[in-house]
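Remarks on the structure that follows.
The values are calculated or read from the model by the stated rules, or taken from the named source; none is laboratory data. Computed from a predicted model, the values in this text were never measured in an experiment. Every residue, glycine as well, gets a Cβ built from its backbone with ideal geometry; the counts of neighbours run over all protein chains shown.
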Amino acid sequence: MAKKIMVVDDDPIIVKYIVRIAQDNGYETCSANDGIEAYTRLQEEKPDLITLDLQMTEEWGPQFYRRLAKEEEYKHIPIIVISGLASRHLSIRKAVAYLAKPFDPVELITIIQKTIGK
C-alpha cells in the first residue's frame, strides 16, 4: 500500500504542484486549503506525512500544528514546512525540514523518501 501525503496550502497551484510531485513518485495524496480543513481531513485520511504552509487565509500552519501535536494519534506525523514567509520564527520547531517557496522538487522528494520511505 502506498504511503499518503497530505498537502496543506491555500494556493491551489502549489497544492497541484506538490500533489503531482508526490503522485509521480508513487505516493497517495490528499489536500486541504487551511488548518481547519486539514484537521478534519486528518481524521479521515490518516496521512504518513504532511507538507504544511505557514501562512493561510483561515487557520495558519502553526495553529494547526499545535492542535495536531496535542493528539496522541497524530503527533508522530512528520511535517515538512513549505512556506513563502522569509522569517522562520513562525516555523514549526519539530518539522523534519523547512523549504522556502519556490522550492526544488528533487529536494522535496528526497526529504520525503528519507522521512517515510518509498
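Over 19 Å from V19 (Cα atoms), surrounded by 12 or more Cβ atoms within 10 Å (Cβ to Cβ) and among the acidic types (D, E): is that true of E71 in this structure?
Yes, satisfied.
Among the listed residues E45, E37, identify the single one that is acidic (D, E), surrounded by 15 or more Cβ atoms within 10 Å (Cβ to Cβ) and in contact with a Cys (Cβ under 7 Å, 6 or more places away or on another chain).
E45
Please enumerate the residues belonging to region 24-41 that are closer than 20 Å to A97 by Cα and out of contact with any Lys or Arg (no Cβ under 9 Å at 6 or more places or on another chain).
Within region 24-41, D34, A38 qualify.
So, in region 50-86, how many residues would count as being farther than 21 Å from K4 by Cα and either in contact with a Pro (Cβ under 9 Å, 6 or more places away or on another chain) or of a type in the set (A, V, I, L, M) (or both)?
Counting residues in region 50-86 that are farther than 21 Å from K4 by Cα and either in contact with a Pro (Cβ under 9 Å, 6 or more places away or on another chain) or of a type in the set (A, V, I, L, M) (or both) gives 4.
Does region 95-103 contain at least one residue that is among the hydrophobic types (A, V, I, L, M, F, W, C), part of a strand (DSSP E or B) and farther than 23 Å from A2 by Cβ? Full working, then the answer.
From region 95-103, those among the hydrophobic types (A, V, I, L, M, F, W, C) are 95-97, 99-100, 103; that's our starting set.
Checking which are part of a strand (DSSP E or B) leaves us with 97, 99-100.
From what's left, farther than 23 Å from A2 by Cβ: 100.
Yes, region 95-103 contains a residue that is among the hydrophobic types (A, V, I, L, M, F, W, C), part of a strand (DSSP E or B) and farther than 23 Å from A2 by Cβ.
Give the residue, chosen from K118, K70, K3, that is charged (D, E, K, R) and at pLDDT 95 or above. Full working, then the answer.
Values: K118 fails: at pLDDT 95 or above; K70 fails: at pLDDT 95 or above.
Result: K3 is the single residue among K118, K70, K3 that is charged (D, E, K, R) and at pLDDT 95 or above.
Check every one of the helices (runs of 4 or more DSSP H) wholly within region 1-91 and list those with 3 or more residues that are acidic (D, E).
Details: elements: 12-24, 35-45, 61-69.
Of the helices (runs of 4 or more DSSP H) lying wholly inside region 1-91, those with at least 3 residues that are acidic (D, E) span 35-45.
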